[in-house]
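In what follows, a single structure is set out as structure tokens and then discussed.
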Amino acid sequence: MAKIIVVTSGKGGVGKTTSSAAIGTGIALKGHKTVIIDFDVGLRNLDLIMGCERRVVYDFVNVINKEATLSQALIKDKRTKDLFILPASQTRDKDALTIEGVQAVLDELSKEFEYIICDSPAGIEKGAQMALYFADAAIVVTNPEVSSVRDSDRILGILQSKSRRAEEGKEPIEEHLLLTRYHPERVAIGEMLSVSDVEDILAIPLLGVIPESEAVLKASNQGTPVILDQESEAGLAYTDAVDRLMGEERPLRFLEIQKKGFFKRLLGG
């Protein structure tokens with residue numbers, strides 16, 4: 001049976017789709033057959049981040065409506081052997097997703113895949129609730145800003161009350177915190193919350209801290225998951241987060257202000 005992981009947040013623009021792509025890729029690189037589903041019906045960004053937008057013929061809603069089979073809609077990632085993408089529709093609205101339809105797709109995927117990553121839209125509307133309803137685990141993505149953290153706290157309330165596990169009185173959804181766009185210099189001068197501040201407010205286990213990095217934007221523009229850029233701090237931080245998700249222990253990195261070397265100081269870098 002597949003493990004269903006929802007990547008969610010209360011606020012938009014925090015790096016959810018970037019994180020879904022990176023984490024899905026990282027799990028597949030470890031040899032686990034993985035599929036990432038884009039639940040953001042009407043907008044659809046996962047295919048752009050994964051660099052497969054020109055290969056989309058059928059989508060998630062086509063499969064729910066039985067206009068296409070899963071084998072027709074799934075896109076095999078061109079870089080990572082065990083990774084597949086199920087894109088969202090750009091022409092429908094969130095009402096195209098139904099509990100019965102989503103469950104049927106997840107049940108079918110569970111026969112073939114070990115991990116199903118659900119890339120949720122931001123907020124608490126229907127698409128987001130549908131993405132988290134069947135989850136076994138949730139990665140709550142937040143920036144170190146008060147409004148982002150507050151909205152994430154609201155999402156935690158929904159995870160604990162509106163999921164299938166909550167309705168059926170089962171073990172609660174496994175919760176993980178992923179802190180993105182972390183900037184130690186801005187934390188030091190009080191412009192951002194610290195890691196411990198965010199942990200105190202949300203009180204869920206910390207999966208990883210992803211530093212602010214130009215590599216993230218560069219990777220997105222190139223249609224490549226940033227975890228494949230092992231020269232970048234963001235790529236390494238996502239690798240650490242995947243390792244922790246899989247039960248391995250990794251120390252947190254990139255939380256301190258980096259001291260500039262002599263030549264960087266000399267050149268003003």
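The values are calculated or read from the model by the stated rules, or taken from the named source; none is laboratory data. Note that the structure is predicted; figures quoted are calculated from it, not measured. Methodologically, a virtual Cβ is constructed for each residue, glycine included, from the backbone with ideal geometry; neighbour enumeration extends over all protein chains shown. Note: accessible area is taken over every heavy atom of the protein model, side chains too, but ligands, DNA and RNA are not part of it. Shrake-Rupley method; radii C 1.70, N 1.55, O 1.52, S 1.80 Å.
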**OP:** Might you check whether a residue that is more than 17 Å from residue 113 (Cβ to Cβ), touching a helix residue (DSSP H, G or I) at 6+ places or on another chain (Cβ under 9 Å) and open to solvent by 10 Å² or more (accessible area, probe 1.4 Å) occurs anywhere in segment 20-39?
**Re:** no
Subject >> Condition met for residue 164 (in contact with a Phe, Trp or Tyr (Cβ under 7 Å, 6 or more places away or on another chain), open to solvent by 20 Å² or more (accessible area, probe 1.4 Å) and over 23 Å from residue 234 (Cα atoms)) >> reply: yes
**OP:** Tally the residues that are within 16 Å of the chain's Cα centre (by Cα), within 23 Å of residue 187 (Cβ to Cβ) and of a type in the set (A, V, I, L, M, F, W, C), restricting the search to segment 134-148.
**Re:** 3
Original post:
Is it true that residue 53 is among the acidic types (Asp, Glu) and more than 29 Å from residue 212 (Cα to Cα)?
Top reply: no
**OP:** Please state which of the following conditions residue 88 fails to meet, knowing it meets all the rest: (1) modelled with pLDDT under 95; (2) surrounded by fewer than 15 Cβ atoms within 10 Å (Cβ to Cβ).
**Re:** (2)
Subject >> Failed item, numbered, when residue 127 is tested on (1) modelled with pLDDT of 95 or more; (2) open to solvent by less than 10 Å² (accessible area, probe 1.4 Å) >> reply: (1)
**OP:** Give just the number: which of (1) crowded, with 17+ Cβ neighbours inside 10 Å; (2) small (Gly, Ala, Ser); (3) under 19 Å from the mean Cα position of the chain (by Cα) does residue 101 not satisfy?
**Re:** (3)
Subject >> Residue that is open to solvent by less than 50 Å² (accessible area, probe 1.4 Å), in contact with a Pro (Cβ under 8 Å, 6 or more places away or on another chain) and within 28 Å of residue 79 (Cα to Cα), where the choices are 215, 219 >> reply: 219
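Each row is one residue, and each column tells you yes or no for (1) within 28 Å of residue 181 (Cβ to Cβ); (2) in a helix (DSSP H, G or I); (3) in contact with a His (Cβ under 9 Å, 6 or more places away or on another chain).
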residue	(1), (2), (3)
32	yes, no, no
44	yes, no, no
88	yes, no, no
113	no, no, yes
124	yes, no, no
128	yes, yes, no
138	yes, no, yes
